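K.L.:
Handing you a structure now.
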Amino acid sequence: LLTLRNGVLTQTNVTLADCLRTAYGIPTEDQIAGPAWVKSKSVRFDIEAKAPPDTPRERELLMLQRLLEDRFKLVLRREQRELSYLALVAAKGGPKMPVAKEPPEGAASHLGHHIHNNHIDMAMLAYLISRFTNNRAIDMTGLKGYFEVKLDWAPDTSMAPPKAGDATPEERIEGASIFEAVQKQLGLKLEARKGPVEMLVVEQANQVPVEN
């Protein structure tokens, strides 16, 4: 469980891999490599980190990275490995998302079967799609800046990308999967691909963290 509110980040009953995914923005657990205990459900932690309430999220995550590195005595490196992934690209006709207003209006909601966010970049959108599909998604749209995103999909539809011959998003308005919803509602597309994907490798970590 993760909550981030008013500068207080709380993670309860999580693995070190869960913590690393949050801190480094890693969509799926298989993009983390290292000792088996890092992902083991039998080795869990409770973490609470505090920052000033107005600290930007990016800064909070950098602080969480430093905290994990210090308490677990982490030694990390990155490398490329050949893996399957979903490429988030522009669909035919181009994106349909309005550019975000400054300052952003309204609160974000990423629960259930929707992503509603009035100030989101494509890297974060791909990250959230990864969480909902259990398949890593990588932003390859080339779109810069922040957008207003309202994405809704049916809760009981397949998490597999559509195949050739399947009904198009225009033909299936109701009960759309997240793949169809991305195309129809956002003007984007999720394409199944295989290629180099960046991994976070844990070279060293103490299983018992340094106490406060």
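K.L.:
Consider segment 124-153. How many of its residues are outside any strand (DSSP E or B) and over 14 Å from residue 86 (Cβ atoms)?
P.N.:
Residues flagged as outside any strand (DSSP E or B) and over 14 Å from residue 86 (Cβ atoms) within segment 124-153 amount to 7.
K.L.:
Another question, if that's okay. Taking segment 112-123 as the search range and keeping residues that are under 16 Å from residue 86 (Cβ atoms) and not β-branched (Val, Ile, Thr), which one is surrounded by the fewest Cβ atoms within 10 Å (Cβ to Cβ)? Walk me through it before giving the result.
P.N.:
Start the filter on segment 112-123 by keeping residues that are under 16 Å from residue 86 (Cβ atoms), which leaves 115, 122-123.
Of the ones still in play, those that are also not β-branched (Val, Ile, Thr) are 122-123.
Working: 122: 23, 123: 13.
Out of the qualifying residues, it is 123.
K.L.:
From the list 109, 40, 84, which residue is surrounded by fewer than 18 Cβ atoms within 10 Å (Cβ to Cβ) and over 20 Å from the mean Cα position of the chain (by Cα)? Walk me through it before giving the result.
P.N.:
Values: 109 fails: over 20 Å from the mean Cα position of the chain (by Cα); 84 fails: over 20 Å from the mean Cα position of the chain (by Cα).
After ruling out the rest, the residue left standing is 40.
K.L.:
Let me ask something else. Based on what the data block shows, is residue 201 modelled with pLDDT of 95 or more, more than 30 Å from residue 105 (Cβ to Cβ), out of contact with any Ser or Thr (no Cβ under 6 Å at 6 or more places or on another chain) and surrounded by 14 or more Cβ atoms within 10 Å (Cβ to Cβ)?
P.N.:
When the stated conditions are applied, residue 201 passes them.
K.L.:
Now, a different point. Which members of segment 38-97 meet the condition of being farther than 29 Å from residue 145 by Cα and without any contact (Cβ under 8 Å) to a residue 12 or more places away in the chain?
P.N.:
42, 69
K.L.:
In addition: Looking at segment 60-70, is at least one residue open to solvent by less than 40 Å² (accessible area, probe 1.4 Å), under 25 Å from residue 125 (Cβ atoms) and assigned to a loop (DSSP other than H, G, I, E, B)?
P.N.:
no
The values are calculated or read from the model by the stated rules, or taken from the named source; none is laboratory data. The shown structure was predicted, so the numbers you read here are calculated from the model rather than taken from an experiment. Backbone-built Cβ (ideal geometry, glycine too); neighbour counts: all protein chains shown. Ligands, DNA and RNA are stripped out before the accessible areas are found, and what is left, the full protein with its side chains, is counted by its heavy atoms. Shrake-Rupley method; radii C 1.70, N 1.55, O 1.52, S 1.80 Å.
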